[in-house]
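One structure below.
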Amino acid sequence: MKQVLILCDAFPPDFAPRMGYLCNYLPALGWEPFVITEKQHQHIFPEMIERQNIVSIDFYPAKQTCVKKLQWFCTLIADFLWNYKDRKMEKAARKIMKTRHFSLVLASSYRTFPLRAARQISQKNHIPLLIDLRDIVEQYAENEYIAHTLRFSFLKKIAIPIFTKKLLRERNKALHVAAAVTTVSEWHKEFLLQFNSYTHLIYNGFDADLFVPKKVRTEQFRIVYTGRILSLHMRNPELLCAAVAQLHSEHCIDAATFRIQFYTNEESKEILLQFVEKYRIASFVDFFSMRPHAQIPAILNEASILLLLSNSSKGTRAPKGIMGTKTFEYLAVEKPILCVRSDEGCLQDLIARANAGISASTVAEAAQFIMEQYAEWQKNGYTHQAVNRELLQQFSRKGQALQFADIFEELSV
């Protein structure tokens, strides 16, 4: 069995478990994965951690919060000046390579780390490099790719451009020498072709063993959203709130049976509350904490409408090519999808091709769609969407593992 060395910024990234699922299927396809990643202290995919060959590097081992913050700050400076995290990951890889022969190096990142380490390992050991970019800096509307916000505006003006320039320089250097690149949407593919002509599209997807459609009768009509909101530039709920407020004013809905349920974190809740309060629809809204991934299929199957929050991709300061894992898990349970506001791009096209629901650009469109699904729920106790199942099969995690394995075979030594 051939071996592939996988370097990840996080494994599995909790909001994009692409590499975790890939590793589950690779052994059956003739590839043994070995993962080196940054240690994460909390996971919503604990089962993936338990059954993989993984080396996790803990950059912030302290238990005390104040010490951990100091470690984070020192690591940030050391990484910016000397590529500290990449160097430490490369060192861990050298140790492993003394006893293992790898036919391929795969690096997966949402930004840049650990592409430098992967490039160095590939070039020094003459092993082909495949880069998988789940997200890139250019897709964001503002600075949402910055994990920790800076408090002072003058620091933002100085630090962010310098930091971004370094990220892009390191990323592009790795892209130019990679044997191939994979990414997650048509927009990403077209953008990255300028750096590497061997760029392939492998969508995000769903686990067909977990996300199985079920017709579950419920006592309430539920519009359900699962996930975070990084910024209003990326995901704006205002159109939904306005539509629900309109339906409420027209006496079309009742809070006893009509619910909007958000499974999200505290930061996202604060963003959402701005619009919930503005449109006076608090009596219709429930907030829940994030749930372990294994619980999500049941939550989706009990929903009447699955909510995708988006924003227009038109213009220079707009999100581009955003097609996260949530989109495909929504498709898999065959519930009607309401995307607001329409991105007028990849999401709108996918929802139309899959016959999955609507990408609404106006309050009237959203309100009409909600009432159509509300009527179906009142009649049957559940809703169902006749999605294009032939198209849906393209997005199974198993099928995507086959796509990766085909590229592995082409590149491997």
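Bear in mind that the values in this text are calculations on the coordinates, not laboratory data. Because the structure is a prediction, the values reported are computed rather than measured. Note that each Cβ is placed from the backbone with ideal geometry, even for glycine, and that neighbours are counted across all protein chains shown.
Among residues other than GLN403 whose Cβ falls under 14 Å from its Cβ, what is the net charge (Lys/Arg +1, Asp/Glu -1)?
0
Around LYS335, which amide H atoms from residues at least 5 apart in sequence, or from another chain, sit under 5 Å from its own amide H, with H modelled in the peptide plane?
GLN385
May I ask you to work out the translational diffusion coefficient for the stretch 293-341 at 25 °C, viscosity 0.890 mPa s, via Stokes-Einstein with Rh from the Kirkwood sum over Cα pairs, reported in whole µm²/s?
On the way: Rh = 12.0 Å.
Reported coefficient: 205 µm²/s.
Write down the Kirkwood hydrodynamic radius of the stretch 221-394, to one decimal in angstroms, obtained as one divided by the mean of 1/r over all alpha carbon pairs.
Mean inverse Cα-Cα distance, inverted, gives 16.1 Å.
Under the Karplus relation 6.51 cos²θ - 1.76 cosθ + 1.60, θ = phi - 60°, what is the ordered set of whole-Hz ³J(HN,Hα) values for the stretch 208-214, x standing for Gly and Pro?
Result, ordered by residue: 5, 6, 9, 9, 10, x, 9 Hz.
Going through the cross-link list LYS88/LYS165; LYS91/LYS320; LYS173/LYS314; LYS88/LYS320; LYS88/LYS269; LYS39/LYS314, which pairs have a Cα-Cα distance over 26 Å in this structure?
LYS91/LYS320; LYS173/LYS314; LYS88/LYS320; LYS88/LYS269; LYS39/LYS314
What shape does the stretch 251-303 have by the C-alpha gyration tensor, where a ≥ b ≥ c are the square roots of the eigenvalues, rounded means a/c under 1.5, and otherwise prolate means a/b greater than b/c and oblate the rest?
oblate
Using the beta-carbon distance between ASN380 and MET1 and R0 = 41 Å, what value does 1/(1 + (r/R0)^6) give for FRET efficiency, to the nearest 0.05?
Numbers: r = 49 Å, r/R0 = 1.20.
Taking R0 as 41 Å, the efficiency between ASN380 and MET1 is 0.25.
Most exposed first by the Cβ proxy, i.e. fewest other Cβ within 10 Å, how do MET89, MET371 rank?
Ordered from fewest to most neighbouring Cβ atoms within 10 Å, MET89, MET371 come out as MET371, MET89.
How big is the equivalent ellipsoid of the stretch 109-149 along its three axes, where each semi-axis is √(5λ) from the Cα gyration tensor, reported in whole Å from largest to smallest?
27, 10, 6
Apply the Karplus parameterisation 6.51 cos²θ - 1.76 cosθ + 1.60, with θ equal to phi minus 60°, to every residue of the stretch 67-84 and state each ³J(HN,Hα) to the nearest whole Hz, in sequence, with x for glycine and proline.
My calculation for the stretch 67-84 gives 5, 4, 5, 5, 4, 4, 5, 5, 5, 4, 5, 5, 5, 5, 7, 10, 6, 4 Hz in order.
Can you put ILE370, ILE96 in order of Cβ neighbours within 10 angstrom, beginning with the fewest?
Fewest to most other Cβ atoms nearby, the residues stand as ILE96, ILE370.
Once each part is reduced to its C-alpha centroid, what is the distance from the stretch 286-346 to the stretch 65-100 in angstrom?
Computed from Cα coordinates, the inter-centre distance equals 34 Å.
Pop the C-beta distance of SER289 and TYR198 into the FRET formula with R0 = 51 Å and round what comes out to the nearest 0.05.
0.75
Modelling each spin label as a point 7 Å along the Cα-to-Cβ direction, I'd like the VAL216/ARG317 distance in nm, to one decimal.
4.1
Which far-off residues, 5 or more places away or on another chain, put their amide H under 5 Å from the one on ASP132, with H placed in the peptide plane?
ALA107, SER108, SER109, THR182
Quick one: 3J(HN,Hα) in Hz for the stretch 116-129, Karplus 6.51/-1.76/1.60 with θ = phi - 60°, rounded, Gly and Pro as x.
With the stated coefficients, the stretch 116-129 comes to 5, 4, 5, 4, 5, 4, 4, 6, 6, 10, 6, 10, x, 10 Hz.
For labels at HIS233 and LEU70 in the simple 7 Å Cα→Cβ model, what's the distance in nm?
Calculated label separation equals 3.5 nm.
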